[in-house]
Amino acid sequence: MSLLRFLLPFLVLTAGVQAAEAPGPSRFYAAVSMTKAQKNSPTPLDSGLYLRAADGQWANFGPRILGVAGLAVSPVNSDVMLLASSDGVVRTPDGGRTWRKVTGWEVADVRSIVFDRHNPSLVYAATAWGPLRSIDGGETWQLAHQGLAKFYCQTILADSAHAGRVLLGTEDGVYVSVNGAALWQRAKFPAVSVLRLAQSAAEPKFILAGTQGRGAWLSHDGGASWNATDPGSASANLYAVAVSPRTAAQLAVGGWGIGVRVSADGGKTWADRSAGLPVRNVFVLAFDPDVKGRLWASTFEEGSYYSDDLGFTWQNGGLYGAYGFDYIFVPPAR
Amino acid sequence: MVLVLVGAMGAMVSRAAIDPISLSDAEIARRYQERCQSVATSSMAAIQAADPTKGSYFDVATCLQRGERREAALARLARLIAPKPTGDMFWMYPMVSVMMAGERGLDDATRARIAELWRTYWPSRGDTENHWVLYYSTLYLAAQSYPGAGPGKWSNGKSSAENMAEARSYLEHWMEVTTSFGQGEYDSPNYIEEYVIGLSLLSGWAHDPAFRHKAHMLLDYVIYDYAVETLDGYYGGAHSRVYPKQIVAPGITPSVALGWLLFGFGERQPNATVQLLTLSGYTPPPILERIARDRDQPYVERELKRTRWRMRNAEAGTFMIGDKRTLPVYKYSYVDSDFILGSTQGGLLQPIQQQTWSLIWRTDLPAAKAANTFFGVQPYSSPLEGTMFFAGDWDTATNIIARSKADYDTPDKLPGGSPYEQVYQHGAALIALYDIPPGTRFPLVTVFFSRDLAQTDEDASGWIFAQGGPAYIAYRPFAHGEWRPSDWTGLLRNGAGGTFISGGFTDWGAGHRCYVSPALRNGYVVQVAAARDFASYEAFKAAVRTLPLKFSTTAAPEATFTSLDGTVIHARYGQTPAINGKLVDFAKWPLFESPFGHALRGSQKLEISYGPERYLLDFEHNASSLTVVPAQP
């Protein structure tokens, strides 16, 4: 608990890294593309970050560029934010007043980005062309392929318990680095595409993975070894996984055709909680750090929904027409 | 010699019937300048002071460049740039064209508005090779226009110097890869214009003379690539990308519009790239027109290309260029004075719009009406393909693709590659084999029969014969099929995809049919010949009936065919083909090889030749040279 107490002021909560509740309302961002109205066009109507206001309305935040898939916020200065986009990594040093693309032509299709909370100079990103690392807080970037058999990846997680320890979801299973993404080693995981990773803030050794066609997998040793969980989604494409920031017992997975499934006992049993959602295609799940038990779900083009009873009932949360890629909660600056 | 063939299908004029025109340097240049002038004249006429709602960026640029109708052009431009931009790189290149060609004619208010747009609008880079070339060529020139401008002047937060450096780094890399391993988005009748746009902008207006020269050389290179596989402006052979409208009607492709400007083929068609080329001052070297027009002797053109970068689902045989994975594409075209039959090896080479093989023939029909083509397709649609090339999700990949390429996920699609298709060509004959797994979404093999074909005859021998203009076609399916109208689902007829995809369907899409076979293990032989080589259509059919052909589809499809020129082609699905008993050596496949050009893989050089002329493009040393080799005494 001492480590958690130390980290609390710096917590940045994403769908990939679930942390304990922070005081006060967090800023709540959604990385989405507005594809519902996309017709006879190769590009969506809009794309970028949306920020949720206190009244529940969403407003565009930051540059409107294609393929915005995630946001990382510096654990030591929440004005420093890094946007993952199709065009590369885009950085703001001043809370969004100005933005600068910090990658060159070599970087494209950034799918996930995360700070190392133990060393905010270290930042990691997963791209469709392989992982990247930055050693200067995201101002410059290098390819970080060493040790990988295949480069494609779309989810990356900085271990909240160990500086420089990183988990990468690739086309070929989970890879782990213990030296800040300089070298990767394969974890004991099936050779399948890993679509999303989430770590428990309460019990950092507890990590949940969603895969393409092989359902959900749980690790109790920080990602070294894994076991399948939830037979009900064992062959599903799971794009969304979430762990409650308060307890590793509360889990949620979501995907295509499977809707939302939850576990209240750390993965021992699972139940379908899709009733009330307009569609059973879910791309993002995240527990709200400000509201105990609130679970957010992003459905494919039918809007965002939240549930305060672990999925028994759902409320419309806006963003109709969006194809969601991530939810990001940023606690208030201290 | 003038040979006019008249058959039941109406008049057909052989290539030899064309009146010879002078191909001297001076005459080629004079005709080209005449065409440029006619483009400029009509461009300027499109700008009218009385109606500032009409006229394109290129019309405006022409007026400003020539100092004609300046006030009207500025008024029109003010309207064009008033709204918030959209379209990303497709906004960038018209904007930059005006900035470059019309630079001296801009007034202060317009300059300020343009600068404001670059500061506030963030055009995305897109996700295709042509997107990136357009994006970086125009970013380079736009940044060049604001020397010393800091990050605050640019929407992406980089200074002019940084934007220029990034753009140039990419473009130099792309040029090196292209001249070493081939283009990824190769030989596209649609997308050739995007490369011409980017390169003509750079060759026209880049300040750095070395970079400008390199862009000019690559523009020559791309146009040579087209010239050596064109028939009267029609782009023959296999293509990386072609839209459903243009695969059926090759005369309405941008390549045909360019063929008119570059070489004087056909009639002028409205086309913005043609306008930009005239603005840029580019003049093709005369050797290219001589090559484009010389079809006196049939020849084989072999080219090496590559697939689009594969981010995942890569299969055996792929290799890395830098940190990107790709697969070699082996192009083969047989170019005759009256037809071009061309192919690639099959498989998934491109997402969405691949044309693995095609035949085009000379036609006297207007370009807008002609459907002078014959080809086959396995209508494959799968997220495996979508996620191989795009950073999307498995379950939405097909859906999102079909938002803009409406025909992608339909059984009657005509463009598209398939992992279950393999093609083997030699000369004017090819064998296509298919091994389609059960459960495949559209388990069909489709061969397109144009309304322009005449005398289609289902022969008792199993061959189906047809005549396309001055070309005779023999097609031998290995499995039974049925005749269906093309677009049998009615998707395009009912306007799917909007104007760009299906507009004008009745003009280009009506009246065609397809031979469609549902057999999973399948294949066919195609043999083409020039009508002039036979005394009659019956004589052609009789000759084909005697050709030895063995095939089997009980296990892996296999065929052995002796073509009209006596070559024995042996093909077995999944194996290297053999020509006259000798395995094809793909490892030695050249970057370019024909009587008109030679380039080795990895060389960054192309030697173009015509008679005693040698035009060397050396990208490694950024040098070009034109020499005339004296005749031997």
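The residue of segment B:148-166 that is nearest to B:Tyr221 (Cα to Cα), among those that are at the interface with another protein chain (Cβ under 8 Å from one of its Cβ atoms) and part of a helix (DSSP H, G or I), is B:Glu166.
Considering segment A:141-161, the residues that are outside any strand (DSSP E or B), within 19 Å of the chain's Cα centre (by Cα) and more than 21 Å from B:Met388 (Cβ to Cβ) include one that is nearest to the other protein chains (Cβ to nearest Cβ), namely A:Asp159.
In this structure, does A:Pro63 turn out to be facing chain B (nearest Cβ under 10 Å), touching a residue at least 12 places away in the same chain (Cβ under 8 Å), part of a loop (DSSP other than H, G, I, E, B) and over 21 Å from B:Asp393 (Cα atoms)? Answer is yes for this residue.
Looking only at residues of segment B:566-623 that are of a type in the set (Val, Ile, Thr), touching a residue at least 40 places away in the same chain (Cβ under 8 Å) and assigned to a strand (DSSP E or B), we find that the one that is nearest to B:Val544 (Cα to Cα) is B:Ile569.
The single residue among A:Gly138, A:Gly169 that is crowded, with 17+ Cβ neighbours inside 10 Å and not in a strand (DSSP E or B) turns out to be A:Gly138. For segment B:421-443, a residue qualifies if it is in a loop (DSSP other than H, G, I, E, B) and closer than 15 Å to B:Pro477 by Cβ, and exactly one does: B:Ile436. Scan segment B:304-323 for residues that are under 23 Å from the mean Cα position of the chain (by Cα), of a type outside the set (A, V, I, L, M) and not in a loop (DSSP other than H, G, I, E, B) and the total you get is 3. Please give the number of the condition A:Ala72 fails out of (1) assigned to a strand (DSSP E or B); (2) within 30 Å of A:Ala161 (Cβ to Cβ); (3) at pLDDT below 95. The number of the failed condition is (3).
Any residue in segment B:548-562 that is more than 23 Å from B:Pro477 (Cβ to Cβ) and touching a residue at least 24 places away in the same chain (Cβ under 8 Å)? There is no residue in segment B:548-562 that is more than 23 Å from B:Pro477 (Cβ to Cβ) and touching a residue at least 24 places away in the same chain (Cβ under 8 Å).
Taken over segment A:121-138, the criterion of being more than 14 Å from chain B (Cβ to nearest Cβ) and either in contact (Cβ under 8 Å) with a residue 60 or more places away in the chain or among the polar types (S, T, N, Q) (or both) is satisfied by A:Ser121, A:Ser134, A:Gly137.
Among the candidates A:Arg111, A:Arg97, single out the residue that is within 16 Å of the chain's Cα centre (by Cα), within 14 Å of another protein chain (Cβ to nearest Cβ) and of a type in the set (Lys, Arg).
Details: A:Arg97 fails: within 16 Å of the chain's Cα centre (by Cα).
Among A:Arg111, A:Arg97, only A:Arg111 is within 16 Å of the chain's Cα centre (by Cα), within 14 Å of another protein chain (Cβ to nearest Cβ) and of a type in the set (Lys, Arg).
Yes or no, residue by residue, for (1) surrounded by 21 or more Cβ atoms within 10 Å (Cβ to Cβ); (2) under 30 Å from A:Ser47 (Cβ atoms); (3) modelled with pLDDT of 95 or more; (4) of a type in the set (Lys, Arg):
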residue	(1), (2), (3), (4)
B:Asp19	no, no, no, no
B:Ala29	no, no, yes, no
B:Thr41	no, no, yes, no
B:Gly55	yes, no, yes, no
B:Arg70	no, no, yes, yes
B:Ala73	yes, no, yes, no
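Here B:Glu289 passes the criteria (1) modelled with pLDDT of 95 or more; (2) among the charged types (D, E, K, R); (3) exposed (fewer than 15 other Cβ atoms within 10 Å of the Cβ) except the one numbered (3). Yes or no: segment B:129-147 includes at least one residue that is within 14 Å of another protein chain (Cβ to nearest Cβ), of a type outside the set (S, T, N, Q) and not in a helix (DSSP H, G or I). No, that holds for no residue.
Restricting attention to segment B:457-473, does a residue exist that is in a loop (DSSP other than H, G, I, E, B) and under 20 Å from B:Gly416 (Cβ atoms)? There is no residue in segment B:457-473 that is in a loop (DSSP other than H, G, I, E, B) and under 20 Å from B:Gly416 (Cβ atoms). The residue pairs whose first member lies in segment A:306-334 and is under 18 Å from A:Arg117 (Cβ atoms) and within 14 Å of another protein chain (Cβ to nearest Cβ), whose second member is part of a loop (DSSP other than H, G, I, E, B) and among the small types (Gly, Ala, Ser), and whose beta carbons are closer than 8 Å, counting only pairs six or more residues apart or on different chains, are A:Asp326/A:Ala15; A:Asp326/A:Gly16; A:Asp326/A:Ala69.
Counting the residues of segment B:192-231 that are under 23 Å from B:Arg290 (Cα atoms) and among the acidic types (Asp, Glu) gives 4. Residue count for segment B:129-152 under the criterion of being free of Cβ contacts under 8 Å to residues at least 60 places away in the same chain and farther than 23 Å from A:Ser86 by Cβ: the result is 7.
On the basis of being within 13 Å of chain B (Cβ to nearest Cβ) and surrounded by fewer than 20 Cβ atoms within 10 Å (Cβ to Cβ), does A:Ala84 make the cut? Full working, then the answer.
Values: within 13 Å of chain B (Cβ to nearest Cβ): yes; surrounded by fewer than 20 Cβ atoms within 10 Å (Cβ to Cβ): no.
No.
Only residues that are farther than 17 Å from B:Ile247 by Cβ and of a type outside the set (A, V, I, L, M, F, W, C) were counted across segment B:444-467, and they come to 8.
Given B:Thr179, B:Thr120, B:Thr138, which one is over 24 Å from B:Leu279 (Cβ atoms), polar (S, T, N, Q) and crowded, with 21+ Cβ neighbours inside 10 Å? Quick ask: steps written out before the conclusion?
Working: B:Thr120 fails: crowded, with 21+ Cβ neighbours inside 10 Å; B:Thr138 fails: over 24 Å from B:Leu279 (Cβ atoms).
That would be B:Thr179, the only listed residue that is over 24 Å from B:Leu279 (Cβ atoms), polar (S, T, N, Q) and crowded, with 21+ Cβ neighbours inside 10 Å.
Filter segment B:352-407 down to residues that are among the aromatic types (Phe, Trp, Tyr) and away from every other protein chain (no Cβ under 13 Å), then give me how many there are.
Count: 5.
Evaluating A:Ile113 against the criteria (1) buried (at least 24 other Cβ atoms within 10 Å of the Cβ); (2) farther than 23 Å from A:Ala240 by Cβ leaves one unmet condition, (2). The combined condition, being buried (at least 16 other Cβ atoms within 10 Å of the Cβ), polar (S, T, N, Q) and either on the phi > 0 side of the Ramachandran plot or out of contact with any Ser or Thr (no Cβ under 9 Å at 6 or more places or on another chain) (or both), is not fulfilled by A:Asn60.
Being farther than 28 Å from B:Gly87 by Cβ and acidic (Asp, Glu) is the requirement here; does A:Glu106 meet it?
On the way: farther than 28 Å from B:Gly87 by Cβ: no; acidic (Asp, Glu): yes.
Criteria not met by A:Glu106.
For segment A:288-334, the tally of residues that are among the polar types (S, T, N, Q) and part of a loop (DSSP other than H, G, I, E, B) stands at 1. For segment B:304-351, a residue qualifies if it is buried (at least 24 other Cβ atoms within 10 Å of the Cβ) and out of contact with any strand residue (DSSP E or B) (no Cβ under 9 Å at 6 or more places or on another chain), and exactly one does: B:Pro351. B:Ile501 passes all but one of (1) among the aliphatic types (A, V, I, L, M); (2) assigned to a loop (DSSP other than H, G, I, E, B); (3) within 14 Å of another protein chain (Cβ to nearest Cβ); which number fails? Condition (2) is where B:Ile501 drops out.
Yes/no matrix, rows are residues, columns are (1) more than 29 Å from B:Gly503 (Cβ to Cβ); (2) within 14 Å of chain A (Cβ to nearest Cβ); (3) assigned to a helix (DSSP H, G or I):
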{"position": "B:Gly259", "(1), (2), (3)": "no, no, yes"}
{"position": "B:Gly266", "(1), (2), (3)": "no, no, no"}
{"position": "B:Val274", "(1), (2), (3)": "no, no, yes"}
{"position": "B:Leu277", "(1), (2), (3)": "no, no, yes"}
{"position": "B:Leu288", "(1), (2), (3)": "yes, no, yes"}
{"position": "B:Arg302", "(1), (2), (3)": "yes, no, no"}
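The values are calculated or read from the model by the stated rules, or taken from the named source; none is laboratory data. None of these values were measured; they are calculated from a predicted model. Neighbour counts run over all protein chains shown; Cβ positions are idealised from the backbone, glycine included.
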